Amino acid sequence: MNTSTTKYRLPLNNNQTQVLELLYKFRFGSSDIIARYFGKPSGAFVFKRMKILEEQGYIAKRYEGNYRIQGKPAAFYLLPVGARKIQEDKRVEESTTRVKAIYKDKSVSEQFIQECMDIFSIYIAMRSHNSGLKFFTKADLSHDDYDYFPQPLPDAYMRLTNGQQYFMQMHQPHQPFFVVSRTIMRYASYFENGEWDDTGTDFPVLLFIVDSSSVQKRIHRLIRKQAGEVRIYTALKDDVLNSADGRIWHGIDELDDVYTLEQLQSSEAA
């Protein structure tokens, strides 16, 4: 990059600052995903915006030589200058853990990038069916204020306007299935230890998003054996991304019934 282009940085407008906030929150995003966030039909809407942010040193992109052949989009991520900008403007809370992670983003795996973009897309889809949805990613929760959350952190924590809360976990195709078993047992132990009780709220519902119905059925069998009092629902990723009405969540004993997020209840409120 020509260093002369970064000596003076033009003031950012609100939309450009929002892009920085989104990359701070989700770590990676494509032009198409960001365009969907803004309710636009294609990435052409944000292309100029991303180019300006890149030229001024606020963001960078991963675009390997084989991306075009594979039909993969460029993956944009935040640079330290961009993080400092939105922290100075008080647009996000300062987090040493989050800033340290930013320095690693240029070298993380392709799988990790895809997982981040999947979570970004899932948020956009779920927001369309749940007005006022609050959605916290691992980046949001990597702060001392959230030290009571289960460790490792969930892939996302969600809260509806009526106060209902959810932990979200994604099971990726490349992950061995024993990861699911360990995750369920970890949440059951966390529930039994009563660490969430200090919040004064019901224990969140645990949501699993998976890629295939065969994995979904296996998870349901595990839930019956290991979940204890934690209430768990599952959904297929394709259903989450493409549902017209948000009725996508399956309970372990109601495989033919599907529910919206608002229809799910915690184990304590059920």
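The values are calculated or read from the model by the stated rules, or taken from the named source; none is laboratory data. For clarity, every value in this text was computed on a predicted model and none was experimentally measured. Here the Cβ is made from the backbone with ideal geometry for all residues, glycine too, and neighbour counts use every protein chain on show.
Filtering segment 129-158 to residues that are within 17 Å of residue 97 (Cβ to Cβ) and hydroxyl-bearing (Ser, Thr, Tyr) leaves 137, 142, 146, 148, 157.
Has segment 88-96 got at least one residue that is over 24 Å from residue 141 (Cα atoms), more than 21 Å from the chain's Cα centre (by Cα) and not assigned by TED's automatic domain parsing to the domain that holds residue 143? Within segment 88-96, not a single residue is over 24 Å from residue 141 (Cα atoms), more than 21 Å from the chain's Cα centre (by Cα) and not assigned by TED's automatic domain parsing to the domain that holds residue 143. Counting the residues of segment 15-56 that are among the basic types (Lys, Arg) and either in the same structural domain as residue 126 (by TED's automatic domain parsing) or surrounded by fewer than 16 Cβ atoms within 10 Å (Cβ to Cβ) (or both) gives 3. Among the residues of segment 129-165, those identified as in contact (Cβ under 8 Å) with a residue 24 or more places away in the chain and polar (S, T, N, Q) are 130, 131, 137, 142, 161, 162, 164, 165.
As for segment 203-210, it holds at least one residue that is surrounded by 14 or more Cβ atoms within 10 Å (Cβ to Cβ) and over 25 Å from residue 162 (Cβ atoms). Out of everything in segment 143-174 that is buried (at least 19 other Cβ atoms within 10 Å of the Cβ) and in a loop (DSSP other than H, G, I, E, B), what residue ends up being nearest to the chain's Cα centre (by Cα)? Only one residue fits best here, namely 155. When the test is whether a residue is of a type in the set (A, V, I, L, M), out of contact with any Pro (no Cβ under 8 Å at 6 or more places or on another chain) and within 21 Å of residue 247 (Cβ to Cβ), residue 188 does not pass it. The single condition among (1) farther than 20 Å from residue 157 by Cβ; (2) in contact with a Ser or Thr (Cβ under 9 Å, 6 or more places away or on another chain); (3) in a helix (DSSP H, G or I) that residue 191 does not meet is (1).
Every residue, every condition in (1) small (Gly, Ala, Ser); (2) within 26 Å of residue 174 (Cβ to Cβ); (3) touching a residue at least 24 places away in the same chain (Cβ under 8 Å), yes or no:
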position: 13; (1), (2), (3): no, no, no
position: 19; (1), (2), (3): no, no, yes
position: 27; (1), (2), (3): no, yes, yes
position: 40; (1), (2), (3): no, no, no
position: 60; (1), (2), (3): yes, yes, yes
position: 96; (1), (2), (3): no, no, no
position: 101; (1), (2), (3): yes, yes, yes
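Going by the structure shown, is residue 59 in the same structural domain as residue 237 (by TED's automatic domain parsing), buried (at least 20 other Cβ atoms within 10 Å of the Cβ) and not acidic (Asp, Glu)? No; evaluated as a whole, the condition is false for this residue. Across segment 6-61, the qualifying residues are those that are in a loop (DSSP other than H, G, I, E, B) and among the aromatic types (Phe, Trp, Tyr), and the one among them that is modelled with the lowest pLDDT is 8. Scanning segment 212-229 for residues that are assigned to a loop (DSSP other than H, G, I, E, B) and surrounded by fewer than 17 Cβ atoms within 10 Å (Cβ to Cβ) yields 212, 228, 229. Residues of segment 75-96 that are surrounded by fewer than 20 Cβ atoms within 10 Å (Cβ to Cβ) and under 13 Å from residue 27 (Cα atoms): 80 alone.
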